[in-house]
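Participant: First the structure, which I've put down as C-alpha cells, then a few questions once you've had a look.
The values are calculated or read from the model by the stated rules, or taken from the named source; none is laboratory data. None of these values were measured; they are calculated from a predicted model. Please note: Cβ atoms are built from the backbone with ideal geometry, for glycine as well, and neighbour counts cover all protein chains shown.
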Amino acid sequence: MSFQSRGLGGYVVTTSRTKVTREQPTRITIGPAPRPGGTVAPHGGAASGGTAANAWMRPYVVSLVGLDLAAALAATLGGTAVRFHSALGALTTLPYLWISLLLPPLWVLFVYLGGGYARRFLGVGTEEYRRVATAGIALAAAVAVGAYAVRFDLARGYALVALPLILLLSLGGRYGRRKALHRRRRSGQCMSGVVVVGYRVAVRDLVRRFRGEVYHGMRVVGVCLPHEETVPGAGVDEVEGCPVLGTFTSAADAAALVGADTVAVLACPEMDGAELRRLAWRLEKTDTDLIVASALMDVAGPRTSIRPVAGLPLLHVEHPELVGARRVLKGVFDRCAAALALVLLSPLFLVLSALIRSEGGGPALFTQTRVGRGGDEFTVYKFRTMVVGAEALKAMLQPRNEHDGVLFKMRRDPRVTAVGAWLRRYSLDELPQLVNVVRGEMSLVGPRPPLPEEVARYGDDVRRRLVVKPGMTGLWQVSGRSDLSWEESVRLDLRYVENWSLTLDIQILWKTWSAVIRGAGAY
C-alpha cells in the first residue's frame, strides 16, 4: 500500500494490483439502468466509462513530457548563451553540443523514474512537485558524477544556469498546466467517476467535500450502502443526489455498471482486510482503482507511516510538532517576513489611513481584544472599516446574524463604511496585524484569531485551535473566508493545527494572493 495526497486535505490508501485469478461475482440489488456507452446520468451528472473518463489523462501526460523537454531545451540554450555568449557558440564545441542534445531526453527519463508522470500524483497536491524536484537534484548529481568519471571539465557557468533552470522551468510549466486542468474541472471536464462504499452519513460528507473541491477531479456517480440502510423495492434511492447502486458486496459490479474508474471505501467494520482483498481482486478485472479512506480524518501524510508488524501493515501516527526547532524556525520566518512587509508597505499604510480618516473622521486604526495561543489575550490591530462606535450597535443587529455557530457575520452590515467595504473585500484591513506578528502575538499563517466571547462558547474539541498562534491568513482564508459555515471553519483550523509545517505555511501564503484578488467570501 502507498499513500496518495489530496492536496491540503487528508490522505488515502491506494492498493497496488497483483495478478490473481480468484473472483467472487455479485449482483447489484438496487440501481438505475445504464445508458448507452456505460453512462448513468441521473442524480448528479453523467460519468463515462473508465477508459473514456480518463481519456484526458494520456494527452495530459504527453503535454507534461513536452513541457519538460521544452524546459530542458530552453535551459541548455540559456546555459550555452552564458558559457559562449551566444546559443550558436555551442556548435563550435562538440562536447557541449552533445550535452545540450542529451539533457532534454535525460531529464524526461529522470522525471519518469522519479514518478513525476505517475497518474495518482498529477493534478493535485505537492507530491508531483516534490518528485520533480527530487529528479532535478538527481540529474544534477548524475551530470556532476558523469563529468568527473570521464574527466570532462564542465564549465561552472553552464552547469549553474542550465541545471537549476531546467527544474524551475519544468515546475513553472507544470503549475500552469495544473491551473488549466483545474479550470476545466470547474466546468465539469476531466473528472474521475467514483463509487463510494460506506455508511450514509460518511458518504454524504464525502460527496459534499468532492463537490466543494472539484479541482481534485473526483465526482461521485454512485454509492453502496450497508444492507440495513437500503430499502428493497423502494425504487432508486439516493444520497446527496447520487444513486444507491447496491450494498457493500455489490461495489465491484456497481463500478462496472456506471463505468467508474475508482471505488472509494470509507471506514466501516464490514469492510475488513479480507473483504477489501476480495474487492481488490474483483476490481482488478476491470482495471478499477481502489482507495481506502483512513478513519483518521485530516491527518496528513508526513505524520503517518506504515509499519509492518507480525505481517500486518500498521499505520503509525506521529504527534503534531507543537514545540521544538521547527516552531522556532517558524517564529523567525514570521517575524522577519512581517518586519520586511511593514517597511515595504509603509507608503500604502499612509494612503489607506488618509482614506479612512477622510470618510467621516475618526481614527484610522481599530483595536480589539482577541485570544491567542494558550488562551492569552492580546490587542489586535486593524484598519477601521466600520463607523465609530460600531461595537455598541452589534447587540441591535444580533437577530440579523447570517452566520451559524458562535460568529457574527452580515453580508450587508450597515455599520461598514464605503471605504471599509473595499478594504474588507481585498483584506487590506488586516495589514496592521503585521505589527502583532512582529510582536510575537500572531503568526502569518494560523487559525482565525477569536474574540473572548467566542472562546467562552468553545467546546473541548474547538479549544484545540488555541494550542498555536492565530494567523493573519490560514486554510479558512483560502477556502471560502466568511462564506464558510462554523463547522467547516473549525474543521479547517483543526486540520491546520494537526498538520502544520513550514511548507504548508508557504502554500497557504501563496494561495492567499489568489483568494484576496478574487475577493470572494469577504464581507
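Participant: Which condition does Val437 not pass, out of (1) of a type outside the set (Asp, Glu); (2) in contact with an Asp or Glu (Cβ under 7 Å, 6 or more places away or on another chain); (3) in a helix (DSSP H, G or I); (4) farther than 18 Å from Arg327 by Cβ, if it passes all the others?
Facilitator: All conditions pass for Val437, except number (4).
Participant: Take the residues of segment 439-471 that are more than 19 Å from the chain's Cα centre (by Cα) and hydrophobic (A, V, I, L, M, F, W, C): which is surrounded by the most Cβ atoms within 10 Å (Cβ to Cβ)?
Facilitator: In this case the residue turns out to be Met442.
Participant: Assuming Ala300 fulfils every condition listed in (1) at pLDDT 75 or above; (2) of a type outside the set (Ser, Thr, Tyr); (3) surrounded by 14 or more Cβ atoms within 10 Å (Cβ to Cβ) apart from one, which condition is it?
Facilitator: Answer for Ala300: the failing condition is (1).
Participant: From Leu181, Leu171, which residue is within 29 Å of His216 (Cβ to Cβ) and either touching a residue at least 60 places away in the same chain (Cβ under 8 Å) or of a type in the set (Asp, Glu) (or both)? Give the derivation first.
Facilitator: Values: Leu171 fails: either touching a residue at least 60 places away in the same chain (Cβ under 8 Å) or of a type in the set (Asp, Glu) (or both).
None of the others qualify; the one that does is Leu181.
Participant: For residues in segment 420-461 being in contact (Cβ under 8 Å) with a residue 60 or more places away in the chain and among the hydroxyl-bearing types (Ser, Thr, Tyr), which is farthest from Val371 (Cα to Cα)?
Facilitator: Top of the filtered list is Tyr426.
Participant: If you don't mind, another one. Which residue, of Val61, Val124, Val65, is crowded, with 18+ Cβ neighbours inside 10 Å, under 31 Å from the mean Cα position of the chain (by Cα), under 27 Å from His182 (Cα atoms) and modelled with pLDDT of 80 or more? Spell out how you get there, then give the answer.
Facilitator: On the way: Val61 fails: crowded, with 18+ Cβ neighbours inside 10 Å; Val65 fails: crowded, with 18+ Cβ neighbours inside 10 Å.
Residue meeting the stated conditions: Val124.
Participant: Being surrounded by fewer than 19 Cβ atoms within 10 Å (Cβ to Cβ), under 29 Å from Thr288 (Cβ atoms) and not hydroxyl-bearing (Ser, Thr, Tyr) narrows it down to one residue among Arg130, Arg156; which is it?
Facilitator: On the way: Arg156 fails: under 29 Å from Thr288 (Cβ atoms).
Just one listed residue meets the conditions, Arg130.
Participant: Sticking with this one: Can you spot a residue in segment 331-343 that is β-branched (Val, Ile, Thr), surrounded by 11 or more Cβ atoms within 10 Å (Cβ to Cβ) and on the phi < 0 side of the Ramachandran plot?
Facilitator: Step one: of segment 331-343, the residues β-branched (Val, Ile, Thr) are 332, 343.
Subsequent filtering for residues that are surrounded by 11 or more Cβ atoms within 10 Å (Cβ to Cβ) retains none.
No.
Participant: Additional query: Got a number for residues in segment 249-266 being out of contact with any helix residue (DSSP H, G or I) (no Cβ under 7 Å at 6 or more places or on another chain) and farther than 15 Å from Val221 by Cα?
Facilitator: The qualifying residues number 1.
Participant: To continue, here is another question. May I ask you to list pairs of residues, at least six apart or on different chains, whose Cβ atoms are under 7 Å apart, with the first in segment 139-164 being closer than 13 Å to Ala72 by Cβ and the second being among the hydroxyl-bearing types (Ser, Thr, Tyr) and surrounded by 14 or more Cβ atoms within 10 Å (Cβ to Cβ)?
Facilitator: Correct list of pairs: Ala162/Thr76.
Participant: Also: Considering each residue of segment 333-392, count those that are assigned to a strand (DSSP E or B) and not basic (Lys, Arg), and give that number.
Facilitator: Step one: list which residues in segment 333-392 are assigned to a strand (DSSP E or B), which gives 365-371, 377-383, 386.
Then keep just the ones that are not basic (Lys, Arg); that gives 365-369, 371, 377-381, 383, 386.
The number of residues fulfilling the criteria is 13.
Participant: Note down all Cβ pairs under 6 Å where the first residue falls in segment 376-391 and is within 13 Å of Leu428 (Cβ to Cβ), the second is at pLDDT 80 or above and charged (D, E, K, R), and they're at least six residues apart or on different chains.
Facilitator: Partner pairs satisfying both residue conditions: Lys382/Asp429; Phe383/Asp429; Thr385/Arg424; Thr385/Asp429.
Participant: Before we move on, is Ser514 modelled with pLDDT under 80, closer than 19 Å to Thr126 by Cα and within 13 Å of the chain's Cα centre (by Cα)? Spell out the reasoning first.
Facilitator: Working: modelled with pLDDT under 80: yes; closer than 19 Å to Thr126 by Cα: yes; within 13 Å of the chain's Cα centre (by Cα): no.
Here the answer is no, as Ser514 does not meet what is asked.
Participant: Now for a different question. Among the residues of segment 348-355, are any at pLDDT below 90 and not polar (S, T, N, Q)?
Facilitator: Taking segment 348-355 and keeping what is at pLDDT below 90, we get none.
The answer is no, given that none of the residues of segment 348-355 is at pLDDT below 90 and not polar (S, T, N, Q).
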